[in-house]
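Structure first, then comments.
The values are calculated or read from the model by the stated rules, or taken from the named source; none is laboratory data. Predicted model only: the values in this text are computed from it and were never measured. We place every Cβ from the backbone using ideal geometry, glycine too, and count neighbours over all the protein chains shown. When the accessible area is computed, the model is the full protein with side chains, heavy atoms only, and any ligands, DNA or RNA have been set aside. Shrake-Rupley method; radii C 1.70, N 1.55, O 1.52, S 1.80 Å.
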Amino acid sequence: MTMMQQLTKGFWKENPIFVISLGLCPTIAVSSSMTNAIGMGIAATFVLIGSNLFISLMRSIVPDKIRIPVFIVVIATFVTIIDKLIAAFSPALSASLGIFIPLIVVNCIILGRAEAFACKNGPVDSILDAIGMGTGFTLALLLIAFFRELLGEGKLFGHVIPFFSSDPALIMIMAPGGFIIFGLLIALKRHMDSKGA
Amino acid sequence: MTSALISIFIVAVFIENFVLNKILGLCPFIGVSNKLDSAVGMGTAVTFVMLMAGVTTWAIQAFILVPFKLEYLQTISFILVIAALVQFVEMVVKKTAPALYQALGVFLPLITTNCAVLGVALLNIKKGYGLVESAVNSFGGGIGFFFALILMAGIRERLDVSEIPTTMKGPPIAFITAGLLAIAFMGFSGLV
């Protein structure tokens, strides 16, 4: 696999959300607006890059039996760093993401990549994998948030969009809208894949 | 006092249901809701772990992190405690009830990465609950999870035998069903 493929596989072909279905809780919970989606995407990508790099560097010295607790401590350290950074530089984002920032610790994408990729590959490949998967996660969040914010509030990034803003369907930015839009999008992705194959 | 606790419980189970309102713990909600028996097992195990985790993490926050000004270690310490707790529960269940242990199988270790468990621990601290309130809120959250899981499993057993377009089979239809369930649960708002 070339470096380019290593980087881009997460964008679409092995997209962590739509194909592997990992990390669903933050996906649906924070995708109610584009701004939240970007914030969550960047935070998760930062944690993913940090944890993939460190786990890849430590992979030969960590005994197999205790690898999961070690991974979790590494991940939790990076989550604490990003949590404090967001709280300091963007209190509004910190307030709207709420407990979903500390909950990045239990996001299956990050532990999943550590277990499936970083503990078997070198640091360069692991960073590329992390950037690819993080970007794929962010793109998926943005796609869901695009529909939810447009239909639910008639806005994009907080800017009012004419026509959609006249009578928005509020349900779309609440929990049920997230479930339904997400269900329709994975059905669409499957449909496109089955056409292509 | 009692009525306040009852209202915390009802809010946790119905109005702010962990799965359908707060969107926590989706992986097991979608993954383990294929069959009713496994849903019951998973729901019971999660409820128990949530109650234990809610109480333990409250104690850690109140007696260790706050007195020593170590609040920034909250995320790390909570996740380690939960992981240890799940291991402990696994060992106890294995010794005392081997049949239950067999039935729960792989679901037990997976509870560590269930975000409802860490979520309830963080929410208890955030809302400033005391020990008893934390316990009631955690237990209510677990029951709410149990309830949502069982409802979903019941619906999905019916979905299996109905005609669904191929692209919608499995997860897509499960999410749309969850969305409709969540709309139904919105009817509970204003109950307390």
Apportionment of accessible area to carbon and sulfur, the stretch B:70-138, percent (1.4 Å)
70
Using a Förster radius of 35 Å, what is the FRET efficiency between B:Ala184 and B:Lys127 based on their Cβ-Cβ separation? Nearest 0.05, please.
0.85
Solvent-accessible area, 1.4 Å probe, carbon plus sulfur percent, for chain A:
72
What size of dipole, in debye to the nearest 20, comes out for the stretch A:3-148 about its Cα centre when the only charges are +1 on Lys and Arg C-beta atoms and -1 on Asp and Glu C-beta atoms?
80
Between A:Ala116 and B:Ile150, take the C-beta separation as r, use R0 = 25 Å, and let me know the FRET efficiency to the nearest 0.05.
0.20
Pairs of Cα atoms under 8 Å, at least six residues apart: use those to get the relative contact order of chain B, whole percent.
44
Could you pull the Cα extents of chain B along its three principal axes, largest to smallest, in whole Å?
59, 43, 30
Under 8 Å for C-alpha pairs, at least 6 residues apart: give me the relative contact order for the stretch A:3-148, rounded to a whole percent.
49
By the DSSP-based rule, helices of chain B that are at least 27 Å long along the axis (C-alpha) and have a mean Kyte score of at least 0.5 are B:36-60, B:74-96, B:131-160
Sorted by chain and then number, the residues having a modelled amide H within less than 5 Å of the amide H of A:Lys155, at least 5 places away or on another chain, are A:Leu150, A:Ile161
Name the GluC sites (Glu not before Pro) in the stretch B:112-192 that are in a loop by DSSP and that have at most 14 other C-beta atoms within 10 Å, would you?
B:Glu163
A:Asn121 neighbourhood, Cβ < 9 Å, K/R = +1, D/E = -1, net charge 0
Answer in debye to the nearest 20: the dipole magnitude of the protein assembly as shown about its Cα centre, from +1 Lys/Arg and -1 Asp/Glu charges placed on Cβ, is 420
dims of the protein assembly as shown, Cα set, principal axes, largest to smallest, nearest Å -> 54, 53, 46
Could you list the square roots of 5 times each eigenvalue of the Cα gyration tensor of the stretch A:101-153, that is, the equivalent ellipsoid semi-axes, sorted largest first and rounded to whole Å?
28, 13, 7
Values of log10 I(q)/I(0), in the order q = 0.12 Å⁻¹, for the stretch A:3-148 under a Debye, Cα-only, solvent-free model
-0.44
Over 31 Å between Cα atoms, which of A:Lys84/A:Lys155; A:Lys189/B:Lys35; A:Lys120/B:Lys95; A:Lys84/B:Lys94; A:Lys65/B:Lys127; A:Lys120/B:Lys35 qualify?
A:Lys120/B:Lys95; A:Lys84/B:Lys94; A:Lys65/B:Lys127; A:Lys120/B:Lys35
Assuming a viscosity of 1.306 mPa s and a temperature of 10 °C, what translational diffusion coefficient in µm² per second does Stokes-Einstein assign to the stretch B:95-192, Rh being the Kirkwood radius over Cα pairs?
97
Rounded FRET efficiency, nearest 0.05, which uses the C-beta distance separating B:Leu5 from A:Lys84 and R0 of 41 Å
0.75
Relative contact order for the stretch A:132-173: what percent, with Cα pairs under 8 Å and sequence separation of 6 or more?
34
Listed residues B:Ser33, B:Ser77, B:Ser134, most fluctuating in chain B (Gaussian network, C-alpha, under 10 Å)
B:Ser77
Go through the stretch A:146-195 and name the chymotrypsin sites (Phe, Trp or Tyr not before Pro) that are in a DSSP coil and have 11 or fewer other Cβ atoms within 10 Å of their Cβ.
A:Phe163
Relative to a virtual label point 7 Å from the Cα of A:Leu57 in the Cα→beta-carbon direction, which members of the stretch A:115-135 show backbone nitrogen distances below 13 Å?
A:123-124, A:127
Radius of gyration and Dmax for the stretch B:13-122's Cα atoms, expressed in Å?
14.7, 47
